[in-house]
Amino acid sequence: MNERKNMLHVSSNPHIRSASSTSGIMMAVVLSLLPAAGYGIYHFGPRAIAVIGVTVAAAVITEWLFGLCRKKTTITDLSAVVTGLLLALNLPVGLPLWMAGLGAVFAILVAKMLFGGLGQNFMNPALAGRCFLLISFPKQMADFTTEAVRLGGLSWDACTGATPLAALKAGESVNVMDMIVGRTGGTIGETSVIALAAGACFLLLLGIIDLKVPGSYLISFIIFTGIFGGRGFDPVYLAAQLSGGGLMLGAFFMATDYVTRPVTPKGQYLFGIFLGIMTGIFRIFGPGAEGVSYAIILGNLLVPLIEKVTVPTAFGCRKGGKPYEK
Amino acid sequence: MARLTFVGGIHPSDGKELSKAQPIREILPKGDMVYPLSQHIGAPARPIVGKGDRVLAGQKIAESAGYVSAPVYASASGTVKAVEPRRVASGDMVMSIVVDNDGQFEEAPARTVRPVEEMTKEEIIAVVREAGIVGMGGAGFPTHVKLSPKEPEKIEYVIVNCAECEPYLTSDYRRMLEEPQKLIGGLKVVLRLFDNARGILAVEDNKPDCIALLRKLTAGEKRIGVSTLKTKYPQGGERFLIYAVTGRKINSAMLPSDVGCVVNNVDTMVAIYRAVAEGKPLTERIVTLTGEAMKNPCNYRVRIGMSYEELLEAAGGYRVTPAKVVCGGPMMGVALFDLKIPTTKTATALLALSKDEVSAMEPGACINCGRCLEVCPGRVMPSRLADFAQHYDEESFLKYNGMECCECGCCSYVCPAKRPLTQEIKSMRKLLLDKRKKQGGER
């Protein structure tokens, strides 16, 4: 026993580690969403703060309570904050707050924790929450009118109304410049392309996301829409389709969710292409004007399959991955 | 010219500035010398001295016990105290010859040296074999085996691994600056074995002084070139080095000679030169003593067999209490719990870290970020392999090419969830290799 006294620490190699951490990544994602959230608050008024506050709080509290039962707290990794914030950005500002909170509870409890928590969920929790609300409360979720935008005695001269995508689908003309700045109706975080692009650039510069998924998503969507959209490759139409709805938010912040996109590089391209095509199908041939959420969720379900067929070829091995022999 | 490299890899902070400026210092051991009989891959050497025998520096004390094996030489004079199991850096107990060092360093007569030009290829290989030379970069593969491929005429490249991609280590760097002639001399000896080969000194571009010096010294040599590699870990990994220099790829089941290459590291080349041109067996090497907790970070010329504890004392000890002491570099080295272990032929460094970044880390859940895939030079899926390893899912582990892992540590380094990926995969590989060996033995 005496010999043990002066022993040094041991652990397996490597003995140095990079500075990156899960909570650091989540923090960066939260920061990257702030421009969009900020614009949403400016554009839709203080009620947007209430929606964001309720979903973030509901998400974190749900995860915390779940952790209490499991005697293991996971809220410090900040992933629940990301889920709550993303969900809020995907909701119309006038949604009753209890519904927003319920969506966050569903997102965390059902889509994430019941499947084993962070890293085990097979679909993006925020999108699962949104789709849950879309199915449960279709009327409120599609209500982008001014009347809804009221918080207590406060009223705000918010710019709301039919979303540009709905107008586009109805054959009306839209102002692309307004869509890029964000002066249109829609969910809290999806309207301003500029704000979303700023956040996306931040994540790209930090290397937290790359262009494999968003790039292939947007390009395949443009091609699909150009061919089947009925307006050919009309640049104004395509720009409106790109800037409209949840495409930018979805492509850069939700399709890139680590847990629910393929981990293999080739798989990420396939995944992006699939999303582009599905979004196109939903938008052009579907009953609604939107399609991003369902496209991504469908894509999430295909991830295991995509990963299976895109296992990278090991260094020095033949294509298709010849197993080790000898 | 474009810098040569491979796909993947990482850029850790390199820590080389601590020790790179000081010239190599000589340290003579005072205490007992311990010579493990297994300092190489292959059969342990057979002792040819017994308790009470007097041995001289440079005297053979254990002979090679097979083709893949290497003899061991005493590096100091004295009396054999015991032949007994002693602990080595890996933590294993290895049968070792313990010599009571008399401090005289009385030398055994050197082998008579003949000019290299007059020696046949077989003679050169025999000298290398007899000198106990093994790969001194860490693996310890007997060098004579490497120098005897099935078809020597098909060897097109003799690559000297001057990458030194491990952070903190500077022994090869100092060697290149201080004894470049011996390095080039060693390369010339090896080139004599392979008539159709070109010698390449492959250096990372963080050592521009070495590149310039080696270029100058090899300017007139038709068969020797200097290649500049991109500075990236693990650029010095054999498979990635071959790829960077030649564009050829080998997997873990292949040998460099399968693609016409022979790779040796700097210290090994110098040892070959000393054996062939000076008649000296392998009894010394350069060891980097470094790290934030080390008082005098520097490179030392060490007699193999000296204990790390004594080496550390002679070098001035610690500056502050170290949090962790590593034998080798920070990426692939082995953490030591005790310093009463001998330096061996493969001892590259003693690294005293003032911070222990790893022990306190709580591994979290994998968030599937894919960073491990991006950096993996073996192009496998470390996160997936670690899962398979945890569940002992042998079939999936093999199917996903788990054996292609080179254990470089890049995946653990980058993992934001701080999962011990390398450790999991390494343990699984070891189990499978042992199993394979066992099955092979039964047949």
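Laid out as a table, the results:
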read-out	value
DSSP-assigned coil residues among trypsin sites (Lys or Arg not before Pro) in segment B:123-217, each with at most 16 further Cβ atoms within 10 Å	B:K150
20 Å Cα cut-off, lysine pairs counted over segment B:115-278 (separation 8 or more, or different chains)	23
Alpha-carbon Rg/Rh ratio, for segment B:168-251, with Rh computed the Kirkwood way	0.95
In degrees, nearest ten, helix A:212-228 long axis to first principal axis of chain A (Cα)	30 degrees
Separation of the B:M95 and B:E156 label points, Cα + 7 Å toward Cβ, nm	4.5 nm
GNM top mover of A:V263, A:V309, A:V105 - chain A, alpha-carbon springs below 10 Å	A:V309
Computed [θ] at 222 nm, helices only, for chain B once each DSSP H run of length n ≥ 4 contributes -39500 (n - 2.57)	-8000 deg cm²/dmol
Range of Cα positions in segment B:115-278 per principal axis (Å), largest first	38, 36, 29
Modelled FRET efficiency - R0 30 Å, B:E84 with B:E313, Cβ distances, 0.05 increments	0.80
Between segment A:13-28 and segment A:242-282, the Cα center-to-center distance that results, in Å	26 Å
Nearest-ten-degree value, helix A:22-44 long axis tilted from longest Cα axis of chain A	10 degrees
Spread of Cα-to-Cα distances over 5 Å intervals beginning at zero, given as percent, for segment B:371-442	3, 19, 30, 23, 14, 6, 3, 1, 0
Cα gyration tensor shape for segment A:22-309, rounded if a/c is under 1.5, else prolate or oblate	oblate
Separation of alpha-carbon centers, segment B:259-302 and segment B:5-73, rounded to whole Å	9 Å
Cα gyration tensor, segment A:203-312 - rounded (a/c under 1.5), prolate or oblate	prolate
Chain B shape via C-alpha gyration tensor axes, a/c threshold 1.5	rounded
Computed label-point distance, nm, for sites B:H11 and B:D434 using a 7 Å Cα→Cβ extension	4.0 nm
Extreme residue, positive dipole direction of chain B, given options B:V83, B:T290, B:L214 (C-beta unit charges)	B:L214
Count of Lys pairs (Cα-Cα under 18 Å; at least 8 positions apart or interchain) in segment B:371-442	7
Estimated distance in nm for a label pair at A:Y42 and B:V116, the labels positioned 7 Å out from Cα along Cα-to-Cβ	7.2 nm
Value in Å of the Kirkwood radius, where the protein assembly as shown supplies the Cα pairs that are averaged	29.3 Å
Hz values of 3J(HN,Hα) by residue in segment A:192-209 - Karplus curve (6.51, -1.76, 1.60), Gly and Pro given as x	8, 5, 4, 5, 5, 5, 4, x, 5, 4, 4, 5, 5, 5, 6, x, 7, 10
Number of Lys pairs (Cα under 20 Å; 8 or more positions apart or on different chains) in segment A:22-309	6
Between 0 and 90°, nearest 10: helix A:125-136 axis offset from chain A longest Cα axis	40 degrees
Coil-residue chymotrypsin sites (Phe, Trp or Tyr not before Pro) of segment B:392-442, DSSP, other Cβ within 10 Å capped at 16	B:Y392
Candidates B:E156, B:E362, B:E107, ranked by Gaussian network fluctuation over chain B, Cα under 10 Å, top entry	B:E362
Cleavage-rule hits, GluC sites (Glu not before Pro), segment B:194-279, DSSP coil, Cβ neighbours within 10 Å at most 11	none
Modelled label reach - B:Q390, point 7 Å along Cα→Cβ, segment B:398-422 residues with backbone N closer than 14 Å	B:416-422
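Read-outs throughout are calculated quantities, based only on the coordinates presented, and are distinct from any laboratory measurement. Fair warning: this is a prediction, and the values are worked out from it, not measured in the lab. All Cβ positions, even for glycine, are placed from backbone atoms using ideal geometry, and neighbour counts span all protein chains on display.
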